[in-house]
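Right, one structure below, let's go through it.
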Amino acid sequence: TGLSVRNNIIFGGNCDSTATCFAPNMYVDNIDTTSAEIIWVPGLDESEWELEYVVYGDTNWIPLANPTNGTYTLDQLAPNTHYSVRMRSNCGGGDYSTWITADFTTECGLASIPFTENFNSYGTGNNAFPDCWTKFNNYSTTPYPYITATNNSGSTGGSLYFYSGTASYNIAVMPELNVDVNTLEVTF
């Protein structure tokens, strides 16, 4: 995989020959809608760590119960939410490593019906696109489709803008629904 399991390496940094406690190498894997697995390798020979997480941007870190075996599963997370997790080694006698941090976003959950999307809360411009939607295009310079304030109905709400040209395609895929859709009707 592209994930490293070696200790942290810093090139061109100052060498601290007095350090006795080293941070573990940690990464996040197996992320789904409500859980994520935290995996780490010891920084040296420590056997205790402190692990905390928070919704990204919050400052009130939530401590987790004494992780000890190189993996810890965070569960009961919210779908489509950005989190930060941090960890440090506890080498005993009040000696701790520095904190290392990783960020991740949980997957989107299934959408419920009735499902309505009005495109008004995402802003406008080339990078504006609804959360949990997917887009596919073969246009090389602009990431179509995107949300624009200009629309054909004359209202002031946002709408998806699809570019049309020779041999181009632009597809917007809404979130997956939690019901079988073969008997449903879609209204635009």
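The values are calculated or read from the model by the stated rules, or taken from the named source; none is laboratory data. None of these values were measured; they are calculated from a predicted model. Heads up: the accessible areas ignore ligands, DNA and RNA and are worked out on the full protein's heavy atoms, side chains in. Shrake-Rupley method; radii C 1.70, N 1.55, O 1.52, S 1.80 Å.
Before moving on, here are some points about what is shown:
- Area of W133 that stays accessible when all protein chains are in place (1.4 Å probe, Å², to 10): 50
- Relative contact order, percent, the chain [alpha-carbon distance under 8 Å, six or more residues apart]: 17
- Gyration tensor verdict on the range 94-188 (Cα atoms; rounded if a/c is under 1.5, prolate if a/b is larger than b/c, oblate otherwise): prolate
- Taking 0.890 mPa s as the viscosity and 25 °C as the temperature, the Stokes-Einstein diffusion coefficient of the chain based on its alpha-carbon Kirkwood radius rounds to 121 µm²/s.
- Rounded D (µm²/s) - the range 19-109, Kirkwood Rh over Cα pairs, Stokes-Einstein at 37 °C, 0.692 mPa s: 246
- Short-range pairs are left out: with C-alpha atoms under 8 Å and at least six residues apart, the relative contact order of the range 88-188 is 26 percent.
- Chain lengthening between N182 and V54 when straightened (0.36 nm per residue, less Cα-Cα): 42.1 nm
- Sulfur and carbon atoms: percent of accessible area, the range 46-156 [1.4 Å]: 45
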